Amino acid sequence: MTRRTRTAFAAVGLLFLLPTAVLAATAKGRVTNTHDLLNPVWNEAKDPNARRFTFREPAASVPPDSRVLRGHISKELCLVALKDGAQALKTPLRIKIAGGRTSFVTLVVPPGQEIRFENHDPTPHAIYEVSGAGGFTKGTMQPDGSRSWTPPGPGKYEIRDELSPSLRSWVVVEPKAVKSVYPNRKGEFAMELEPGTYDLRAYYNGEPVGEVLPVEIKPAPAEQQLPNPLKAGADPKKADEEKKDEPAKAGG
């Protein structure tokens with residue numbers, strides 16, 4: 001056997017020994033029906049007993065629909081790809097606190113994911129997990145300080161701040177949470193996923209909302225447009241009909 005022949009056989013053997021790389025594709029889609037997602041902190045502040053803010057009388061020139069305190073979906077609406085075999089990242093998930101709020105507001109992570117809260121405000125924050133079951137007790141973070149926490153297991157954990165009532169966020173530990181992203185203000189999103197079948201679901205205020213969207217990601221092309229939108233709530237017409245039916249149902 002010549003040297004060239006031996007080299008050729010060695011190269012072929014190397015091809016069989018090397019693992020085949022699975023390339024992820026970028027799924028592009030759109031989330032709709034976000035009109036009923038209200039911001040809980042802003043609505044809490046309207047309670048006169050809270051004595052936190054004073055809201056002016058609504059201007060007659062502003063339509064009633066424009067006065068609704070809706071959520072900021074690019075920070076508050078978490079879009080999650082669900083599939084068996086989800087694994088936590090090896091590095092902590094960084095969550096910034098700035099302007100008295102967290103970015104992002106609802107997090108959906110697999111079990112074992114470490115989360116690092118970073119204070120980017122010029123004032124201290126004393127964040128904690130509300131129920132006490134998460135093992136994340138009150139602790140003050142000075143400006144530029146940080147706190148790390150790994151939720152103990154599946155479930156919903158609410159985070160609040162003793163020093164800043166406007167800070168309220170949720171961490172959801174979901175065993176099937178493969179990937180989480182957030183849409184832009186137009187509701188558009190992009191998510192890198194390996195080929196396979198997934199269920200897409202929207203989470204808001206720590207709860208799943210809307211409908212599950214089953215999707216199939218193929219090995220090619222590199223960018224794949226999802227044919228159907230991910231619905232984060234009821235269709236507008238259906239929601240209006242349900243509201244009209246409520247007085248009739250109440251009256252018997």
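Here are a few things to note about the model shown:
- Take the conditions (1) of a type in the set (Gly, Ala, Ser); (2) in contact (Cβ under 8 Å) with a residue 40 or more places away in the chain; (3) surrounded by fewer than 18 Cβ atoms within 10 Å (Cβ to Cβ); Gly145 misses just one of them, which is (2).
- Matching residues in region 176-195 - criterion: being among the aromatic types (Phe, Trp, Tyr) and more than 25 Å from Arg70 (Cβ to Cβ): none
- Residue within region 205-213 that is acidic (Asp, Glu), within 23 Å of Ile97 (Cα to Cα) and modelled with pLDDT of 95 or more present: yes
Condition check ((1) within 21 Å of Tyr182 (Cα to Cα); (2) out of contact with any strand residue (DSSP E or B) (no Cβ under 8 Å at 6 or more places or on another chain); (3) part of a strand (DSSP E or B)) across all residues:
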site: Ile97; (1), (2), (3): yes, no, yes
site: Val108; (1), (2), (3): yes, no, yes
site: Gly112; (1), (2), (3): no, yes, no
site: Pro122; (1), (2), (3): no, yes, no
site: Ala126; (1), (2), (3): no, no, yes
site: Gly132; (1), (2), (3): no, yes, no
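- Tally, over region 63-95, of residues that are farther than 27 Å from Gly196 by Cβ and of a type in the set (Asp, Glu): 2
- When Asn205 is tested against the conditions (1) farther than 27 Å from Leu167 by Cβ; (2) buried (at least 18 other Cβ atoms within 10 Å of the Cβ); (3) not aliphatic (A, V, I, L, M), the lone failure is (1).
- Positions within region 60-78 being at pLDDT below 75 and not in a loop (DSSP other than H, G, I, E, B), in sequence order: Pro64, Asp65, Ser66, Arg67
- Screening Leu200 with (1) part of a strand (DSSP E or B); (2) free of Cβ contacts under 8 Å to residues at least 60 places away in the same chain gives one miss only, at (2).
- Meets criteria (assigned to a strand (DSSP E or B), under 15 Å from the mean Cα position of the chain (by Cα) and more than 30 Å from Leu23 (Cβ to Cβ)) for Lys179: no
- Pairing each residue of region 149-166 that is over 13 Å from Val105 (Cβ atoms) with any residue that is charged (D, E, K, R) and in a loop (DSSP other than H, G, I, E, B), provided the two are 6+ apart or on different chains, yields C-beta distances under 9 Å for Trp149/Glu114; Thr150/Glu114; Pro154/Glu174; Glu162/Lys138; Ser164/Asp121; Pro165/Arg52.
- When the test is whether a residue is surrounded by fewer than 17 Cβ atoms within 10 Å (Cβ to Cβ), modelled with pLDDT under 95 and either of a type in the set (Gly, Ala, Ser) or over 20 Å from Tyr203 (Cα atoms) (or both), Pro122 does not pass it.
The values are calculated or read from the model by the stated rules, or taken from the named source; none is laboratory data. These numbers were taken from a predicted model, which means no experiment stands behind them. All Cβ positions, glycine included, derive from the backbone under ideal geometry; neighbour counts span all protein chains shown.
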